[in-house]
Amino acid sequence: MLYYKRKLATYNLTVFDGVRRKAKCFVWHEGEGKRGTNEVASCIEEFIQEHCNEHPNTKEFVFYSDNCYGPNKRISFPS
C-alpha cells in the first residue's frame, strides 16, 4: 500500500493582554479545523469569556492584528 506523506499543518493564534501582561496561545492542527474566520472568532470569543469571568467590569476590548484580511485590521468590540 502507498501512503501520501506531508507535514501536518498547525495553526497558532496568540492573544496578548497588554493590561495584565499575559498571553494565551490557541494551537490546533488542520484535522481540527482550518485557519478561517470561524476558528479565529471562536478563539477570540473564548478569550473574551475567560477575561469577563475574571474581570466582570470590563467595558471594552481593543484587538490589533498583524496579519488579517481586508478591513478587519483594527476593530474595537464593546462588551
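Some notes on this structure:
- 20 Å reach of a label modelled at residue 62, 7 Å along Cα-to-Cβ, counting backbone N of segment 6-35: 14-24
- Sorting 8, 13 by the number of Cβ atoms found within 10 Å of their own Cβ, with the fewest placed first, yields 8, 13.
- With R₀ set to 35 Å, the beta-carbon distance separating residue 45 from residue 7 gives a calculated FRET efficiency near 0.75.
- Between the amide H of residue 61 and those of 77, 79, distances stay under 5 Å, these residues lying 5 or more places away or on another chain, with hydrogens modeled in the peptide plane.
No lab work stands behind these numbers, since they all come straight from the coordinates. Here the structure is a predicted model, which means the values were calculated and not measured. Please note: Cβ atoms are built from the backbone with ideal geometry, for glycine as well, and neighbour counts cover all protein chains shown.
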